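Read through the structure below, which is laid out as structure tokens, and then see the notes.
The values are calculated or read from the model by the stated rules, or taken from the named source; none is laboratory data. It should be emphasised that the depicted structure is a prediction, and the values quoted were computed from it without experimental measurement. Here the Cβ positions follow ideal geometry from the backbone for every residue, glycine too, while neighbour counts run over all protein chains shown.
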Amino acid sequence: MKLILAITGASGTKLAIKFANSLPASISLHLVISKSSKKAYELECQKEINIKHKDTMIYENEEIWASIASSSFGADAMLILPCSMNTLAKCACGISDNLITRAFSCMLKEKKNIILAPREMPFDTIALKNMLKLSKLGVYIAPPILGYYSSQENLEDMEDFLLGKWYDLLNIKNTKYKRWGDEKTKL
């Protein structure tokens, strides 16, 4: 599978790095990290981004000529995590002025699997309208909303739940979280 992961300038870049680093080795990862996401990560984590996934190609967001900006590249899926409100608005309005939004546009016209993980709270009316518009076009809107199950004992368990949900949407087999019915529920 060829997966495009775009990391935009919103809080939550740490989760995107964890997502990338825990991908199965069989995934060919094509990663775009915006300048503002690098800065957000630096401010939130006090360190530089470190990608450990072996099969990773990293692009600069200004490289609009990069291979992932072409429909002929043949990516299978795209995840924008976190998705800033600026990127969300550009995607909803068809503005393709950088590599992330250009790759999104190609994926959309090819009717490929796309997930946006908007990271903002609360959502304003404009953002909700943009999400609705994209959802009607077949884009999954999957913000990082935590589940609070008894099997999740700490933040890492909750993050794994989110990763598992995104993996499910991308059809990547995983055991990141305990699924309903995995064991008999006692009442």
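Total residues in segment 1-55 satisfying the condition of being hydroxyl-bearing (S, T, Y) and either surrounded by fewer than 21 Cβ atoms within 10 Å (Cβ to Cβ) or farther than 19 Å from P144 by Cβ (or both): the figure is 5.
Of all positions in segment 92-101, at least one carries a residue that is more than 19 Å from K133 (Cβ to Cβ) and within 18 Å of the chain's Cα centre (by Cα). Would you check if there is a residue in segment 76-86 being surrounded by fewer than 16 Cβ atoms within 10 Å (Cβ to Cβ) and at pLDDT 95 or above? Within segment 76-86 (the criterion being surrounded by fewer than 16 Cβ atoms within 10 Å (Cβ to Cβ) and at pLDDT 95 or above), the answer is yes, since at least one residue qualifies. Among the residues of segment 24-58, those identified as over 30 Å from T175 (Cβ atoms) and within 16 Å of the chain's Cα centre (by Cα) are S34, S36, K38.
When G164 is tested against (1) under 17 Å from N21 (Cα atoms); (2) touching a residue at least 24 places away in the same chain (Cβ under 8 Å); (3) of a type outside the set (A, V, I, L, M, F, W, C), exactly one condition is not met: (2).
The residues in segment 1-52 that are at pLDDT below 90 and part of a loop (DSSP other than H, G, I, E, B) can be counted, and the count is 9. Scanning segment 62-75 for residues being surrounded by 13 or more Cβ atoms within 10 Å (Cβ to Cβ) and in contact (Cβ under 8 Å) with a residue 40 or more places away in the chain gives a total of 3.
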